[in-house]
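Colleague: Handing you this structure, nothing more for now.
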Amino acid sequence: MLYGVSCGLLLCIISIGLVVTMGLMRVVNLAHGAFAAIGGYLAVGLLAPLGVPFGVAIAIAVLAVGAFSVAVERVLYVHLYGASELEQVLLTVGINFIVVAGLTLAFGPNVLPTRLPSSLATSVDLGFRSFETYRLVVLVVCIVVVGGLWLTFERTSLGAKLRAAVDNRSMAQAVGIDVPRLFSIAFGVGSALAALGGALGAPLLPLEPLYPFKYLVLVLVIVALSGFGNVKATVFVALFIGIFDTAARYFLPDSGAFTIYILLIVLIVWRPEGLLFRRSAK
């Protein structure tokens, strides 16, 4: 449960930005994992050779990727609004290949080793077993971030505008909401969250050039089962996926990596509109 929850919350942090941006912008953004990979590589690159403190390195990576993604949205993604799904897939997959090639050129083709600070490389005695201190830190940070996102989405004017644009973009524009500006903000925040997940999860979800593709399936499945724009469902679905995947790998070490995909196929066929979507009674 502990390992599954920590993995699920990390997947939630990476996925939740895509849930909101796909719900708002209606763009099939298959390059979302690329921003997570860039954030992870940037944070680790600041840690090892430059000796930047762990928390500062993560903060710099998140802010840098958020700012970079806004520029990318204004230059590239703005041309995808209203384009066909095929055009969206081709461009965003192309961005993934560019990022993979760039990371391979800069860092090599192998997994990038991540060294934790000595204070986080210890274990905590929980009474019934020991548990890594770093995973506990990840749990706390993810819970705080998810709680802050929920409050922003449900209790602020920005959240109200986002929900309005997700539900009915035309009506939101009609009442004076600046939807293009909202797109840029949502895309920047979503990409920054992906970078946070990539940087924070570097010791748990190993960094390698193929990172943008390696976790793409799990992220997209979480988005599909959550329903576009549904933040609360994203948390539930990501936790469910994380716990099930961890349990399958633990109890079925030879086939656990494939079990999750069988479950996901069944769930998508059973509830294509979202796992927590309430069907109206006939």
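Colleague: Only Cα pairs under 8 Å and at least 6 apart count here; give the relative contact order of the chain as a rounded whole percent. Write down the numbers at each step before the final one.
Modeller: Working: 394 pairs, mean separation 111.7, N = 282.
It comes to 40 percent, rounded to a whole number.
Colleague: How would 105, 216, 225 line up by accessible area, probe 1.4 Å, largest first? Walk me through the numbers before you get to the answer.
Modeller: On the way: 105 155, 216 25, 225 0 Å².
Result, largest first: 105, 216, 225.
Colleague: A further question follows. log10 I(q)/I(0), Debye, Cα-only the range 34-120, no solvent, q = 0.14, 0.19, 0.22, 0.25 Å⁻¹?
Modeller: -0.60, -0.93, -1.10, -1.26
Colleague: In whole percent, how big is the carbon plus sulfur part of the accessible area of the chain, probe 1.4 Å, protein atoms only?
Modeller: On the way: 9580 of 13840 Å².
Within the chain, the accessible surface is 69 percent carbon and sulfur.
Colleague: Rounded to the nearest 500, what is the chain's calculated 222 nm mean residue ellipticity when only DSSP H runs of at least 4 contribute -39500 (n - 2.57) each, over all residues?
Modeller: On the way: 12 runs with 198 residues, N = 282.
Theoretical 222 nm ellipticity from helices: -23500 deg cm²/dmol.
Colleague: Which residue, 70, 144, 219, has the most motion in a Gaussian network model of the chain that connects Cα atoms within less than 10 Å?
Modeller: 144
Colleague: Taking amide H positions as placed 1.01 Å from N in the peptide plane, with prolines and chain starts having none, which residues 5 or more places from residue 27, or on another chain, fall under 5 Å of its amide H?
Modeller: Excluding prolines and chain starts, which carry no amide H, there are no hits.
Colleague: Rounded to the nearest 10 Å², what accessible area does residue 182 show when all protein chains are kept and the probe is 1.4 Å?
Modeller: Spelled out: residue 182, probe radius 1.4 Å, area about 10 Å².
Colleague: Quick one: order 78, 62 from most to least accessible surface, probe 1.4 Å. The partial results should precede the final answer.
Modeller: Values: 78 50, 62 30 Å².
Sorted descending by solvent-accessible area, the residues read 78, 62.
Colleague: Let me ask something else about it. Which of the three applies to the range 1-73, rounded, prolate or oblate, going by the alpha-carbon gyration tensor with a ≥ b ≥ c and a/c under 1.5 meaning rounded? Working shown, then result.
Modeller: On the way: a/c = 2.71, a/b = 1.25, b/c = 2.17.
Since a/c reaches 1.5 but b/c is at least a/b, the shape of the range 1-73 is classed as oblate.
Colleague: Which of the DSSP-defined H helices in the chain satisfy a minimum axial length of 24 Å, computed from C-alpha atoms, and a minimum mean Kyte-Doolittle hydropathy of 0.0?
Modeller: On the way: long enough: 2-25 (34 Å, 2.19); 54-75 (32 Å, 2.04); 85-107 (32 Å, 1.64); 133-155 (32 Å, 1.63); 179-200 (31 Å, 1.52); 231-251 (30 Å, 1.37).
Helices meeting the span and hydropathy rule in the chain are 2-25, 54-75, 85-107, 133-155, 179-200, 231-251.
Colleague: Can you report the principal axis dimensions of the range 164-268 using only the alpha carbons, biggest first, rounded to whole angstrom?
Modeller: The Cα atoms of the range 164-268 stretch 56, 30, 19 Å along the principal axes, largest first.
Colleague: For residue 214 and residue 254, calculate 0.36 nm times their separation in residues minus their Cα-Cα distance, and state this gained length in nm to one decimal.
Modeller: Working: separation 40, 0.36 × 40 = 14.40 nm, distance 1.91 nm.
Extra length from residue 214 to residue 254 when fully extended: 12.5 nm.
Colleague: Of 17, 198, 227, which is the most mobile in a GNM of the chain whose springs link Cα atoms less than 10 angstrom apart?
Modeller: Maximum among the listed residues: 227.
Colleague: Another question, if that's okay. Near the amide H of residue 201, under 5 Å away, which other amide H atoms are found, from residues 5 or more places off or on another chain, if H is placed in the peptide plane?
Modeller: When sequence neighbours closer than 5 places are left aside, there are no close amide H contacts.
Colleague: Return the long-range amide H neighbours of residue 123 (sequence gap of 5 or more, or a different chain), with a cut-off of under 5 Å between placed amide H atoms.
Modeller: The answer is 133.
Colleague: If I stretch the segment between residue 123 and residue 136 completely, what's the gain in nm (0.36 nm per residue apart, minus their alpha carbon distance), one decimal? Please report the intermediate quantities before stating the final value.
Modeller: On the way: separation 13, 0.36 × 13 = 4.68 nm, distance 0.94 nm.
Taking 0.36 nm per residue and subtracting the Cα distance, the gain is 3.7 nm.
Colleague: How much accessible surface area, in Å² rounded to 10, belongs to the heavy atoms of residue 103 with a 1.4 Å probe?
Modeller: The accessible area of residue 103 comes to roughly 20 Å².
The values are calculated or read from the model by the stated rules, or taken from the named source; none is laboratory data. Computed from a prediction, not measured in an experiment: that's the story for all the values here. The area values use the complete protein model at the heavy-atom level, side chains included, leaving out ligands, DNA and RNA. Shrake-Rupley method; radii C 1.70, N 1.55, O 1.52, S 1.80 Å.
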